[in-house]
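A quick write-up on the structure given underneath.
The values are calculated or read from the model by the stated rules, or taken from the named source; none is laboratory data. Values in this document were obtained by computation on a predicted structure and should not be read as measured data. Methodologically, a virtual Cβ is constructed for each residue, glycine included, from the backbone with ideal geometry; neighbour enumeration extends over all protein chains shown.
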Amino acid sequence: MSVKKIRAGLGLFKEAFAGSSTLNYTEGSIARVTFLLAVPMILEMAMESVFAIVDIFFVAGLGAAAVATVGLTEAMMSLLYAVAIGLSMGTTAMVARRIGEDNAHSAAFAAGQALWMGVFVSVFVGVVGYFYAGKILGLMGADAEVVAMGTTYTQIMFSGCFTIVFLFLNNGIFRGAGDASIAMRSLILANGINIVLDPCLIYGWGPFPDMGVTGAAVATNIGRGVGVLYQLYYLCASNRRIQLGLKDLVIKISVVLALVRISVGGIAQFLIATASWVFLMRLVSAYGSDAVAGYTIAVRVMMFVILPAWGLSNAVATLVGQNLGAGKVQRAVDTVWQVAKYNVAYMVLVSAVLIVFPDVIMGLFTAEPNAVAYGIDALRIMSYSFGFMGLGMVAIQAFNGAGDTMTPTWINGFCYWVVQIPVAYFLATVLEMGPYGVFWAIFLAEILLGVVGVLYFMRGGWKTRVV
């Protein structure tokens, strides 16, 4: 590779990291605009996943019960993530469509209406989670040790849920506007704070109190809270695509209802998917803390390493929305197929690494042999489906970017609840495969999702979706 090409590549990375408030994503090279959007989105997704990875890494020193506390709480909070992602999905679709139409004022107004939905969700979930934290852990199959150790952790995580909701929601606004670098930097800031505070508060380093697993919750919420403040600053800045003012916070029912209509599909879509993960965690928890710990670490590792694929898929949502708003339907189609090729290639490469080196990866998080054994098998089995998973990600996000959030909802419902859950239960309990039945059910569902997603995308109904 020539020096000139290397410099050009580095320049493109720098441009993606810095962001631009003037770049038109509906013109020019599809590969270039995809790269400029995907790089900050990949880093943003990586930073969000790092929260759970970092917490588990530091908490692992407290034992399997502490890891199980984090895993079970995160599994239950995945329902909140589903709501937050669904809200951000509807917001991204509407903001992207308005930006594509060159109507920045309407985009800002839609963003303001979305913030009110975030307030309502945060208050409701925070109150319920605080008062029923112990019961939530019990429903997830936690034993007495985990409930005793983790109730306060769970209370704090649910009480601070507004930081999760607004991180996703605000970043959905920035992504829709094509300002993904702001979303990325807010997560880098939040994670930097969490990484520093986690060991200090968990183990009582220096002047900090020794809070055990509770310290992980405190550190995470402080980090995310600072990230939200950073986002709000840029939402109100005068030099960005979205310039939020007080007038944009005046509630307009028609816009709220339009956002709700799109978001409900997105929420249902992710609730179906994440609720299935909660059910799978409940199945695994019947086989002890080692099985839960191994499965939790494997899933977190998997979610982390596939983040570039998620970043590419999220870029598709923004590009499809903006191109449809600009009336460039064929460009939207071409974008989806081009990004799908990149996604599948990356996912196949990652799967090869996880299949060959799962023991090395698991060894980074825990030394407990039973947990490591479960995690190794989980990583290998789930990795076999990665190529199809990458294809499904792009197809699903193409629907979401077009504002057609209901089609992925039906696809998820079929793949996860009609197929994955019954198969997991049958393999784990009837055939007595235990946690391994769950791992193979995940493998099957992800292959099916990729196939069905592409078939529905090719039908083309998303092209005429009104947002």
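Restricted to helices (runs of 4 or more DSSP H) entirely inside the stretch 105-220, those with at least 1 residues that are in contact (Cβ under 8 Å) with a residue 24 or more places away in the chain, more than 30 Å from V320 (Cβ to Cβ) and of a type in the set (D, E) are 144-159, 180-203.
The requirement of being buried (at least 24 other Cβ atoms within 10 Å of the Cβ) and either charged (D, E, K, R) or under 30 Å from T407 (Cα atoms) (or both) is fulfilled somewhere in the stretch 253-264, by at least one residue.
Where residues in the stretch 67-93 are over 24 Å from D179 (Cβ atoms) and among the polar types (S, T, N, Q), which of them is surrounded by the fewest Cβ atoms within 10 Å (Cβ to Cβ)?
If we filter the stretch 67-93 for residues that are over 24 Å from D179 (Cβ atoms), which is where we start, we get 67-80, 82.
Now restrict to residues that are among the polar types (S, T, N, Q): 69, 73, 78.
Details: T69: 32, T73: 29, S78: 19.
This residue is S78.
Of the helices (runs of 4 or more DSSP H) lying entirely inside the stretch 356-453, those carrying at least 2 residues that are of a type in the set (A, V, I, L, M) and buried (at least 23 other Cβ atoms within 10 Å of the Cβ) are 369-383, 386-401.
Answer yes or no: is there a residue in the stretch 320-341 that is among the aliphatic types (A, V, I, L, M), farther than 19 Å from T26 by Cβ and in a helix (DSSP H, G or I). Yes; the residues of the stretch 320-341 include at least one that is among the aliphatic types (A, V, I, L, M), farther than 19 Å from T26 by Cβ and in a helix (DSSP H, G or I).
Looking across A371, A428, one residue alone is closer than 19 Å to I53 by Cα and more than 22 Å from the chain's Cα centre (by Cα). It is A371. Restricted to the stretch 232-243, and to residues there that are surrounded by fewer than 18 Cβ atoms within 10 Å (Cβ to Cβ) and part of a helix (DSSP H, G or I), the residue that is farthest from the chain's Cα centre (by Cα) is Y233. Kindly evaluate V438 against the criterion of being under 22 Å from V344 (Cβ atoms), in contact (Cβ under 8 Å) with a residue 60 or more places away in the chain and β-branched (V, I, T). No: the conditions fail for V438.
If you go through the stretch 142-184 and pick out every residue that is surrounded by fewer than 24 Cβ atoms within 10 Å (Cβ to Cβ) and β-branched (V, I, T), you end up with 5.
Every condition in (1) under 21 Å from G160 (Cα atoms); (2) among the β-branched types (V, I, T); (3) in contact with a Leu (Cβ under 9 Å, 6 or more places away or on another chain) holds for I242 except the one numbered (1).
Condition (residue is over 30 Å from M302 (Cα atoms), small (G, A, S) and without any contact (Cβ under 8 Å) to a residue 60 or more places away in the chain) applied to the stretch 86-103: is it met by at least one residue?
Looking through the stretch 86-103, none of the residues is over 30 Å from M302 (Cα atoms), small (G, A, S) and without any contact (Cβ under 8 Å) to a residue 60 or more places away in the chain.
If you go through the stretch 187-212 and keep only what is within 19 Å of G63 (Cα to Cα) and within 23 Å of the chain's Cα centre (by Cα), you end up with just D198. May I ask you to list the residues in the stretch 94-111 that are among the small types (G, A, S), buried (at least 22 other Cβ atoms within 10 Å of the Cβ) and either closer than 21 Å to F158 by Cα or in contact with a Lys or Arg (Cβ under 9 Å, 6 or more places away or on another chain) (or both)? Result: A96, G100, A107, A108, A110.
Identify, from the list L187, L246, the residue that is in contact with a helix residue (DSSP H, G or I) (Cβ under 7 Å, 6 or more places away or on another chain) and either among the aliphatic types (A, V, I, L, M) or surrounded by fewer than 18 Cβ atoms within 10 Å (Cβ to Cβ) (or both). Spell out the reasoning first.
Numbers: L246 fails: in contact with a helix residue (DSSP H, G or I) (Cβ under 7 Å, 6 or more places away or on another chain).
So the residue among L187, L246 that is in contact with a helix residue (DSSP H, G or I) (Cβ under 7 Å, 6 or more places away or on another chain) and either among the aliphatic types (A, V, I, L, M) or surrounded by fewer than 18 Cβ atoms within 10 Å (Cβ to Cβ) (or both) is L187.
Meeting the requirement of 2 or more residues that are closer than 27 Å to I262 by Cβ, at pLDDT 80 or above and hydrophobic (A, V, I, L, M, F, W, C), the helices (runs of 4 or more DSSP H) wholly within the stretch 1-100 are 30-59, 64-100.
The residue list V320, V301 contains one member that is of a type outside the set (D, E), over 30 Å from G138 (Cα atoms) and crowded, with 17+ Cβ neighbours inside 10 Å, which is V320.
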